[in-house]
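Derivation of every value follows stated rules applied to the coordinates shown; laboratory data play no part. Since this is a predicted model, take the numbers as computed values, not measurements. For neighbour counting, all protein chains shown are included, and Cβ atoms are generated from backbone atoms with ideal geometry for every residue, glycine included.
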Amino acid sequence: MSGTISAVNRTVTPGGRTKVFDVKPLLKMRYCGNVCLRQKSEPIGEIGPSERVLIEAMIEKMHQEKGVGLAAPQVGINQQIFVVDIGLGPVVVINPRIIKRAGSEWQEEGCLSVPGVTVNVKRPKEIRVRYKDENNQEVEQDLFDLMARVFMHENDHLNGKLILDYASWRERGRLKKKLEKLPEKEE
Ligand SMILES: [Zn+2]
């Protein structure tokens, strides 16, 4: 999910997303239109050295892109993993499941894979989740507010879902023009 909830506040714009100091382009962002973003991701087995390299690269990419979350399909990998950092340090989430939902709330959301677009999305306010962390530990947690929202947004990516799917038909018409201008749409 992109930097802020209320508005897309990325310093990195579609035209300027390549940074000159980025000498390690290990992971490449995938944008709306890319098939990876529409596929269901596979569960991950044991976390070993190669998975840890991916995790580190994803955290780095999320910070570079000034996102609060990044899911593997957004960098072209259809595996059930995402990273979140809402300012409290990175959290690694593997094979997530949402087992309880409560309340509901509307909020504007942006997405690194749909730059320049925000959609008002209604989601539960609180959730109980289960997942595996980077140390292969099973975690069960209650999440609230921003953390819950980012978790659900990134979890959507693992199911091939984007914020655009929450837009009303009228809103979709408005977004269509913006989407036509997205970079590397067919990549
Ligand atoms: Zn997203």
Original post:
What percentage of all Cα-Cα pairs in region 41-109 are separated by more than 13 Å?
Top reply: 68
**OP:** Can you tell me the equivalent ellipsoid semi-axes for region 26-180? Use √(5λ) from the Cα gyration tensor, largest first, whole Å.
**Re:** 24, 19, 13
**OP:** Mind checking the full-extension length gain between Gln39 and Lys100? Use 0.36 nm per residue of separation minus the Cα-Cα distance, one decimal, nm.
**Re:** 19.5 nm
Original post:
Tell me, what is the percent relative contact order of region 108-187, built from C-alpha pairs under 8 Å that lie six or more residues apart?
Top reply: 29
**OP:** Amide H neighbours of Leu112 under 5 Å, at least 5 residues apart or on other chains, H built in the peptide plane: list them.
**Re:** Ser2
Original post:
Which distance in nm do the two modelled labels at Asp85 and Lys161 give, with both placed 7 Å along the Cα-to-Cβ direction?
Top reply: 2.7
**OP:** Highest first, please rank the peptides 119-127, 146-154, 48-56 by the mean number of other Cβ atoms sitting within 10 Å of their residues.
**Re:** 146-154, 119-127, 48-56
**OP:** Compute the length gained on full extension between Glu138 and Ser168: take 0.36 nm times their separation in residues and subtract their Cα-Cα distance, giving the result in nm to one decimal.
**Re:** 7.1 nm
**OP:** Rank-order 95-104, 168-177 by packing density, defined as the average count of other C-beta atoms within 10 Å over each peptide's residues, highest first.
**Re:** 95-104, 168-177
Subject >> Computed over region 99-159, the ratio Rg/Rh where both radii use C-alpha atoms and Rh is Kirkwood >> reply: 1.01
Subject >> Which listed pairs, of Lys40/Lys132; Lys125/Lys181; Lys40/Lys122; Lys66/Lys161; Lys61/Lys177, have C-alpha distances above 25 Å, in listed order >> reply: Lys125/Lys181; Lys61/Lys177
Subject >> Nearest-0.05 FRET efficiency for Arg130 and Ala57, computed from C-beta distance (R0 25 Å) >> reply: 0.50
